[in-house]
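Worksheet: one structure, shown below.
What follows is calculated from the coordinates using simple rules that are stated; it is not laboratory data. Just so we're clear, the structure is a prediction, and the values are computed from it rather than from any experiment. Reconstructed Cβ throughout: ideal geometry from the backbone, glycine too, with neighbour counts over all protein chains shown.
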Amino acid sequence: MMNLKDEILKELFDNLNNVKEFEDLEKVKIKFLGKKGIIKNLMEKIKQIEDIEEKKKYGELINLIKEEVEVNLEKFEKEFVKKLKEKKILEEEIDETLPGYPFNFGKRHILRQVEDEIVEIFLRMGFHISEGPEIENEYYNFEALNIPKFHPSRDMWDTFYLHNGLLLRTHTSPVQIRTMEKIKPPLRIISPGRCFRRDPFDASHSPIFHQIEGLMIDKNISLTDLMGIIDLFAKKIFGEKTETKFYISYFPFVEPGLEVAATCSLCKGKGCNVCKYTGYVEILGAGMVHPDVLKNVDIDPEIWQGFAFGLGVERVAMIKYGISDIRYFYENDIRFLNQF
């Protein structure tokens, strides 16, 4: 019976000597240890032996053969893998004189860079960041901001409506309402975030854009406080020589309302086609918070006053870097983005 062990091990070594690839090694494993392999077939023959002692000796022999086959296969596989690795290293010899491969590191999007810069300016002025949901209801997006149903000004903020009376917010002003409901004055916040309007996607409009709004509520706040903060912001974002102009305008949630323009960063106030030869470009809208808005959040307008402002991140980026088309921000052209 011991001759059986020698015969099987000899056959195993003969097969292993012909192994050239991993596929060949797998075939040898299956041949000897598979479900229909040599060892399995030998085990099946145990049933045919009637003598108990002989059956016992045969079973021990088969287990010994199986163990030696497994040990030899494992040993061969380790040596085989080692040889293949050494061979691969020799075949893939590295030329140390060749230059390395360049790594292309990502960077923050230009809009995120400008947004971070704007936020940092207002944080240094003592403002705090407050955020809210992009999916809003009509009360927070319109009614609490003194824009009742069927008010003509709603056309300016036409948006995308969802089910159950929900909508995509048209500005971050709802964050101001939600904040004033939770925190009583004095308060000083900015609310950066993404907004949506049913605007055409052209050189100066986008249905998706980024906005940063600010709100300051305290006692004895006046229009000069607003003008001073906005003027300081313009100088920090566009340069110390920047000048600002304030024009009366209309927004339902402020009274009085203002449009703010700053020195054109391209022509430095001399006049060009970007600023329509006025030397100034509009940068944001602002005004004193309307008393009705304060009443909507249970703040007494006889005691507390404040101002609010809102600016578009895309617009500030376009003015700051002389970008003529808002669509460049969203086209993901690496040639454009790598400039910043």
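Per DSSP helix of 4 or more residues, -39500 (n - 2.57); summed, then divided by the residues of the chain. What does that give at 222 nm, rounded to the nearest 500?
One gets -13000 deg cm²/dmol as the mean residue ellipticity at 222 nm.
Give me the number: length gained by fully extending Ile334 to Cys267, i.e. 0.36 nm times residue separation minus the C-alpha to C-alpha distance, one decimal in nm.
21.4 nm
Extent of the chain along each principal axis, from alpha carbon coordinates, in Å, largest to smallest?
110, 55, 36
Name the residue farthest towards the positive end of the dipole of the chain from the options Ile190, His171, Met227, assuming +1 on Cβ of Lys and Arg, -1 on Cβ of Asp and Glu, about the Cα centre.
Of the options given, the answer is Met227.
Give me the distance between the Cα centres of the stretch 212-238 and the stretch 15-51, rounded to whole Å.
With the stretch 212-238 and the stretch 15-51 each reduced to a Cα centre, they are spaced 85 Å.
Among the listed pairs Lys31/Lys87; Lys45/Lys83; Lys235/Lys295; Lys182/Lys245; Lys10/Lys47, which have their C-alpha atoms separated by more than 31 angstrom in this model?
Lys45/Lys83; Lys235/Lys295; Lys182/Lys245
Cα axis of helix 110-124 to longest principal axis of the chain: angle in degrees, 0 to 90, nearest 10?
Once rounded, the angle reads 60 degrees.
Could you list, by residue number, the cysteines of the chain that have no other cysteine's beta carbon within less than 4.7 Å of their beta carbon?
Cys with no partner Cβ under 4.7 Å: Cys195.
What is the helix-to-structure angle for 173-182, meaning the angle in degrees between its Cα long axis and the longest Cα principal axis of the chain, kept from 0 to 90 and rounded to the nearest 10?
The angle comes out at about 90 degrees.
Quick one: net charge of Phe209's neighbours, Cβ under 10 Å, K/R +1, D/E -1?
Overall, the nearby charge balance is +1.
How far is helix 52-91 tilted, in degrees, relative to the longest principal axis of the Cα atoms in the chain, given as a value from 0 to 90 rounded to the nearest 10?
Relative to the chain, helix 52-91 is tipped by roughly 50 degrees.
Under the 0.36 nm per residue contour assumption, what length would be gained going from the current alpha-carbon distance of Lys40 and Lys83 to full extension?
Full extension from Lys40 to Lys83 adds 12.4 nm.
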